[in-house]
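What follows is a single structure, written as C-alpha cells, with notes after it.
The values are calculated or read from the model by the stated rules, or taken from the named source; none is laboratory data. Bear in mind the structure is a predicted one, so any value in this text is a computation, not a measurement. Glycine also receives a Cβ, built like all others from the backbone with ideal geometry; neighbour counts cover every protein chain displayed.
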Amino acid sequence: MVSGFRMMFDHPATEAPAAVATDPAIRLTGLRRRFPGAPAPALDGVSLEVAAGEVFGIVGRSGAGKSTLIRCVNLLERPDAGRVEVLGRDLTAVDEAGLRAARRGIGMVFQHFNLLASRSVAGNIAFPLEVAGLPRAEREARVAELLPLVGLQAKRDAYPAQLSGGQKQRVGIARALASRPAILLCDEATSALDPETTAEILGLLRELRARLRLTVLLITHEMAVVKALCDRVAVLEAGRVIEQGRVFEVFTRPQAPTTRRFVAEVIGNAVPPGTLAALPPPGPGEVRRLLRVLFAGPHSTRAVISEASRRFGLDLNILAGRIDAIGAEPFGIMALAAYGAPAAVTAATGWMQGLGLTVEPLPEGEG
Amino acid sequence: MLPWLSPMLQDLLVEAAWQTLFMVGAAAGIAVLLGLPLALLLQATAPGGLAPSPAVNRPLGLVVNAVRSVPFIILMVAIVPFTRLVAGTSIGTGAAVVPLALAATAFIVRLFENALREVDRGVVEAARAMGATRLQIIAKVLVPEALPGLLAAVTVTLVSLVGYSAMAGAVGGGGLGDLGIRFGYQRFMPEVMATVVLILILFVQGLQSLGDWLVRRLSRR
C-alpha cells in the first residue's frame, strides 16, 4: 500500500504529461519500402495504429511484407516514405543517438532467437543492460528477476547451444524485456518451434502481457497464434493491409478472400466438397436457400435452428458447422440449406436476424 | 641431445631455432594487431555491413590482394627500402620481421574477415534492435562471437609463417630454414637437414595442436 502511494506521488514534476489513453503506442502512417531490384514494393502504403496495452497481430503469407513492416517499427529497416511514431515520437525524425535510446524502450523477439553463442543465458539477458551502460550489480539484480519470470532459474549459466528451442526463445523473451520496454515486437516468435512448445511460449507471452501491461506487435503466418494471443489483427497482402479489426470480428466475418482462407485454417467450416451437388432439389412451391448463420454472444447457446424449423415450417439441412471461442467469446458458424415457401424462408431469416444473428447467403467458394 | 651433430652445429641449431621463433612470433603479433582492425574495417565497409562504404572497402581490398599476390621471396626483396625505413637495416633477423609481418598481415586479414562474416547476421541485428552502437556491436558481438574462428586464423597464419621464415635467409635473417639450406643442402650434411625438418615438423604440430585446443575450449557452439 505504502509503495503504491509512493509510486503515485513520486512522479517527477519534469516528466511529460502522461499520454492520453486514446494515444496509440505505435502509429504507422503511409509506410512504403521498395528493395532495390525488387519487382514489387515490400510495403505499399501501410498505415496502422496499435493502442497502448493491446496485442496486435499482423498476419500474411511469406513475402507479404510482414517482416519489413515489423522491422520498420524500430527502424532496423528504414522506410522510403512514411512516418513511424512510437509512444508519440516520430522515430524517422530523431538522430542516431535518439534512435538508440528509443530502441531500448522497444523489446524484440526473433524467429531464430538470435542469441549470442559466446554468452551464457545470464550473459545474453544482461546484454541490453550492458549496452545501456548499467552497472554490473544492477544488471545482475535484473537478471535474477527475469530468470524466474521465464522459468529459467536452473539454466542461468548454460550456453545457448545447450538449450532446447523453447528455452532459447524464453531467453530471447527475457532479453527483450530486460530494459523494461513498454512495447514488445515479436517477429515470428513461435515459427521455429514445434506445436507443443509454441503453445507454451504463447502462454508465456499471454501471461507476461497481462502482468507487465505490454503493448505487443507480432507478425506471424499462423492464424492460430493470432487466435490465441491477439486483440486485433491486420491482414497483409502484397505490402498492403487488406483487412483489419478485432480478432473476433475478423474470424467470424472475414471479408477478403485471403482472410477467409487464413481463418479457414483455424476454424474451417467449409461445406465438404460434393455436398451441394448432392442436395435434393426444392419440392413444388418451395425454394432452396443456402445460408451462412453466425451465432455470437447470448444466442450462441439457444436452439435457434429447431425453433426456426418449427415456427416457420421449414426444413433446415445443416451442411457444416463449428462452435468455438475466441478469448472468452463463444461463437458458432453454420452453413444451412433452407427448404420452404419463399415467404417462410424470408420470414425465418428476418426472425433470426432479429435475435442478433448474422444471416447471409453462403459466400462463393465456401460451398 | 642430438649426438649426431657436432657441438658447434648444436649451438647453431639452438640459435637458429630461437631466430625462427622470434621471426614467427614477432611477425604474427604484428599481423594480429594490424590485421584485426583492418579486417573489422573491411567487414564494416562491405555491402550490408555496419557502415557500408565502397570508397573504403574497394581500395583496401585491392591493397590486401596485391600484397597477397606477390610471392614472399620477391616481396621480401621488393620492399627493401621500406624495410630499411622501418628497421634501420635491410639485413638480419630483425629486418626479416618487416616483410614477414607485411605478408602475414595481408594473409590474416582475409582469414579474419571470413571468421567475422561467419557471425550470424541475426545476432548483429538483435544487438542493433537493443540500441547498441557500432563500436559496441564490434566489441561485444562480432569479436566475441567470432573468437574461435579468429583463433583458428591465427593458428593457420603461424603455421604459414614458419614456412615463410625459411626464406628469410635471403636477407640474412637466419632461422632453421636458412640453417637447413646452408648446411644440409649446400654443405651436403643430410643429418642437419633431417634434424631441421624434424624440428620444423614438431614445431608446426605443436602450434596446430595448441590452436585447436584453444578453439575447442572457447567454442560454445
Within 18 Å of B:Ala170 (Cβ to Cβ), among the hydroxyl-bearing types (Ser, Thr, Tyr) and in contact (Cβ under 8 Å) with a residue 60 or more places away in the chain: does that describe B:Thr105?
-> no
Is it the case that some residue within the stretch A:320-338 is under 30 Å from A:Ala234 (Cα atoms), exposed (fewer than 14 other Cβ atoms within 10 Å of the Cβ), within 26 Å of the chain's Cα centre (by Cα) and without any contact (Cβ under 8 Å) to a residue 24 or more places away in the chain?
-> yes
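With the requirement that a residue be within 11 Å of another protein chain (Cβ to nearest Cβ) and surrounded by fewer than 18 Cβ atoms within 10 Å (Cβ to Cβ), what does the stretch A:145-168 give you?
Result: A:Ala158, A:Ala161, A:Gln162.
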When only residues in the stretch B:67-123 that are within 14 Å of chain A (Cβ to nearest Cβ) and not in a helix (DSSP H, G or I) count, which is nearest to B:Val156 (Cα to Cα)?
-> B:Glu118
A:Ile173: within 14 Å of another protein chain (Cβ to nearest Cβ), touching a strand residue (DSSP E or B) at 6+ places or on another chain (Cβ under 8 Å) and in a helix (DSSP H, G or I), yes or no?
-> yes
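In this structure, is A:Thr68 within 14 Å of chain B (Cβ to nearest Cβ), farther than 19 Å from B:Ala127 by Cβ and touching a residue at least 24 places away in the same chain (Cβ under 8 Å)?
Answer is yes for this residue.
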Can you name the residue in the stretch B:129-147 that is part of a helix (DSSP H, G or I), among the small types (Gly, Ala, Ser) and buried (at least 18 other Cβ atoms within 10 Å of the Cβ) and, of all such residues, is nearest to the other protein chains (Cβ to nearest Cβ)?
-> B:Ala129
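Given the criteria in contact with a helix residue (DSSP H, G or I) (Cβ under 9 Å, 6 or more places away or on another chain) and in the same structural domain as A:Arg78 (by TED's automatic domain parsing), does A:Ala176 qualify?
Here the answer is yes, as A:Ala176 does meet what is asked.
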Checked A:Arg142, A:Arg104 against criteria (among the basic types (Lys, Arg), facing chain B (nearest Cβ under 8 Å) and surrounded by 14 or more Cβ atoms within 10 Å (Cβ to Cβ)); the one match is A:Arg104
Got a sec? Which of A:Leu218, A:Leu236 is in contact with a Gly (Cβ under 6 Å, 6 or more places away or on another chain) and more than 17 Å from A:Leu204 (Cα to Cα)?
-> A:Leu236
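Any chance you could count how many residues in the stretch A:85-101 are of a type outside the set (Lys, Arg) and in contact (Cβ under 8 Å) with a residue 12 or more places away in the chain?
7
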From the option list B:Leu40, B:Leu12, single residue qualifying as part of a helix (DSSP H, G or I) and modelled with pLDDT under 95 is B:Leu12
Residues in the stretch A:192-232 that are within 14 Å of the chain's Cα centre (by Cα) and in a loop (DSSP other than H, G, I, E, B) total 5
Could you tell me whether the stretch A:110-130 includes any residue that is at pLDDT 95 or above, on the phi > 0 side of the Ramachandran plot and facing another protein chain (nearest Cβ under 10 Å)?
-> yes
Does the stretch A:206-227 contain at least one residue that is crowded, with 21+ Cβ neighbours inside 10 Å, among the charged types (D, E, K, R) and not assigned by TED's automatic domain parsing to the domain that holds A:Asp324?
-> yes
Hey, among B:Leu151, B:Leu198, which residue is within 14 Å of chain A (Cβ to nearest Cβ) and in a helix (DSSP H, G or I)?
-> B:Leu151
Take the stretch B:201-217 and flag every residue that is within 14 Å of chain A (Cβ to nearest Cβ) and surrounded by fewer than 14 Cβ atoms within 10 Å (Cβ to Cβ).
-> B:Arg216, B:Arg217
Tell me, yes or no, whether the stretch B:53-63 has at least one residue that is part of a helix (DSSP H, G or I), within 17 Å of the chain's Cα centre (by Cα) and of a type outside the set (A, V, I, L, M, F, W, C).
-> no
Failed condition for B:Arg58, given (1) among the basic types (Lys, Arg); (2) surrounded by fewer than 16 Cβ atoms within 10 Å (Cβ to Cβ); (3) within 14 Å of another protein chain (Cβ to nearest Cβ), with all others met?
-> (3)
Out of A:Leu87, A:Leu116, A:Leu91, A:Leu76, report the one residue that is under 19 Å from A:Arg232 (Cα atoms) and out of contact with any Gly (no Cβ under 6 Å at 6 or more places or on another chain).
-> A:Leu87
Output yes when any residue across the stretch A:179-190 is in a helix (DSSP H, G or I), surrounded by fewer than 19 Cβ atoms within 10 Å (Cβ to Cβ), assigned by TED's automatic domain parsing to the domain that holds A:Ala102 and at pLDDT below 95, and no when none is.
-> no
State whether one or more residues within the stretch A:249-272 are on the phi < 0 side of the Ramachandran plot, in the same structural domain as A:Ala189 (by TED's automatic domain parsing), assigned to a strand (DSSP E or B) and out of contact with any helix residue (DSSP H, G or I) (no Cβ under 6 Å at 6 or more places or on another chain).
-> no
Could you please give the count of residues in the stretch B:156-195 that are among the hydroxyl-bearing types (Ser, Thr, Tyr) and either modelled with pLDDT under 90 or surrounded by fewer than 22 Cβ atoms within 10 Å (Cβ to Cβ) (or both)?
-> 2
Only one of (1) more than 17 Å from A:Thr252 (Cα to Cα); (2) in a strand (DSSP E or B) fails for A:Thr346. Which number is that?
-> (2)
